[in-house]
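Reviewing the structure listed below.
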Amino acid sequence: MVDPVPGDLAEVAAAFDRSRRRLAAAEPDAIVFVASDHFRQLVTSNMPAFMVGKAPSMRGTHPNEVREFGLPVREVPGDPDLARDLLGRHQLPDGFDFAFSDEPWLDHAFMVPLLYLRPQLDVPLVPIFTNCNAPPLPGAARFAALGEHIRTTIQRSSLERRVAVLATGHLAFELGGPRQLSGGSPGPDFDEEALGWIRAGDVAGAVAGCTYERLLDAGNLTFQFLNFIALMAAAGAGPPELAEAVHCRFGPEPFMTWGST
Amino acid sequence: MGFDVSRYMIDKLMWEIDRSDEALDSFVEDPAAFVAAWEGAASAPEPPYPLGGSLTGEERDAFEAWDYERLYALGAHPYLLWHFVRAIHGPGGTPVGELSEAFKAAVAPHGYPEFAT
């Protein structure tokens, strides 16, 4: 974060900066953040489909991400009351069997965006960890339902928070396979269709198009696109204010923003 | 032991090696000793759940030889595998770009093996 930004990442940094200013303008009291742990805290000895973090404070990141990515270790404030609105206090909400954590540990999927979008790390966070890495994964329709649940919970909450909903993921993506780190997308056809769903706010189209096989074919780790389906549904399935794909060494990086709903 | 359990153990060992500098250094220094200790832990009278596990002979050979092509073909999770490969080659080892090209060439003939556990 302190080194000069390499040329091909300057556009990514600029896109993050646009999102940072948009988030600041929204003046959120809390952030609900949908992202996927990368086998840092969660492994297949115990793998939740959807896990809500309800701690008053939480740590990012893990020692192996400090070693490998050079990420700093930070504390992030939490919002246990808002987390309990999402989870239920004594019983889970009808139709959603969340796991929960009183000691969530945030990996780069949360920390890298937060360090760009809200470097002060001063907005209380409710992380929702989604399993997009270890099959069997929740299906695309469940991600849409998750987004709808986030939306209705915020609307009905007695806390009257101004809540920003964030999600991270990617378009077609491959790592640990023959198409990795190629400087382009492993699945440009998927990317084009996916950007179409985003630009139209087409949750139903995205759900229909995101079968396990289709995502795998686009790139062996494309599954985190599913987090964007939750985001689209949380936004109310309308077109976004902004949807763009910024090209860099990792392929096209998607950025999207919806206004207040 | 079923096939799926076997993939889980490959993933679990890669995860345990990568998650701490101490484990990583220990594995890099002596892979066979690390794997033996890891398998020994799981068969102790009071195994330190969730640590330790067991491998087939082919899997053990692959870990001891840093044979990522074999681990890929056996269905190692691709995310864990690439980070494991990067970690064991370390910052002073093969440059990442070069390592990535070698990795891609090695795994390409195997297509996309099932990695669900």
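Just so it is clear, none of the values below were taken in a lab; they were calculated from the coordinates. Note that the structure is a prediction, hence the values are computed from the model and not measured. Every residue, glycine as well, gets a Cβ built from its backbone with ideal geometry; the counts of neighbours run over all protein chains shown.
Within the range A:155-194, the residues that satisfy the criterion of being touching a strand residue (DSSP E or B) at 6+ places or on another chain (Cβ under 6 Å) and outside any loop (DSSP other than H, G, I, E, B) are A:Val163, A:Ala164, A:Val165, A:Leu166, A:Ala167, A:Asp191. Which ones in the range A:26-65 are aliphatic (A, V, I, L, M) and closer than 15 Å to A:Val163 by Cβ? Answer for the range A:26-65, where residues must be aliphatic (A, V, I, L, M) and closer than 15 Å to A:Val163 by Cβ: A:Ala26, A:Ala30, A:Ile31, A:Val32, A:Val34, A:Val52. Only residues that are farther than 13 Å from B:Trp15 by Cβ and facing another protein chain (nearest Cβ under 9 Å) were counted across the range B:83-95, and they come to 3.
Please determine whether any residue of the range B:43-51 is in contact with a Ser or Thr (Cβ under 8 Å, 6 or more places away or on another chain), surrounded by fewer than 21 Cβ atoms within 10 Å (Cβ to Cβ) and more than 24 Å from A:Asn133 (Cβ to Cβ). If you could, list the steps in order and put the result at the bottom.
Filtering the range B:43-51 for residues in contact with a Ser or Thr (Cβ under 8 Å, 6 or more places away or on another chain) gives B:43, B:50.
From what is left, the residues that are surrounded by fewer than 21 Cβ atoms within 10 Å (Cβ to Cβ) are B:43, B:50.
If we keep only those that are more than 24 Å from A:Asn133 (Cβ to Cβ) as well, we get B:43.
Scanning the range B:43-51, I find at least one residue that is in contact with a Ser or Thr (Cβ under 8 Å, 6 or more places away or on another chain), surrounded by fewer than 21 Cβ atoms within 10 Å (Cβ to Cβ) and more than 24 Å from A:Asn133 (Cβ to Cβ), so the answer is yes.
Out of A:Arg67, A:Arg40, report the one residue that is charged (D, E, K, R) and free of Cβ contacts under 8 Å to residues at least 40 places away in the same chain. Full working, then the answer.
On the way: A:Arg40 fails: free of Cβ contacts under 8 Å to residues at least 40 places away in the same chain.
Residue meeting the stated conditions: A:Arg67.
Annotation note: of B:Tyr112, B:Tyr72, the sole residue that is of a type outside the set (A, V, I, L, M, F, W, C), within 11 Å of chain A (Cβ to nearest Cβ) and assigned to a helix (DSSP H, G or I) is B:Tyr72.
Test A:Ala230 against the stated conditions and say whether it is among the aliphatic types (A, V, I, L, M) and farther than 22 Å from A:Ala83 by Cβ. Explain how you work it out, then say what you get.
Details: among the aliphatic types (A, V, I, L, M): yes; farther than 22 Å from A:Ala83 by Cβ: no.
No, not satisfied.
Which of (1) touching a residue at least 60 places away in the same chain (Cβ under 8 Å); (2) within 11 Å of chain A (Cβ to nearest Cβ) is the odd one out, the single condition B:Val28 does not satisfy? (2) is the only condition that B:Val28 fails.
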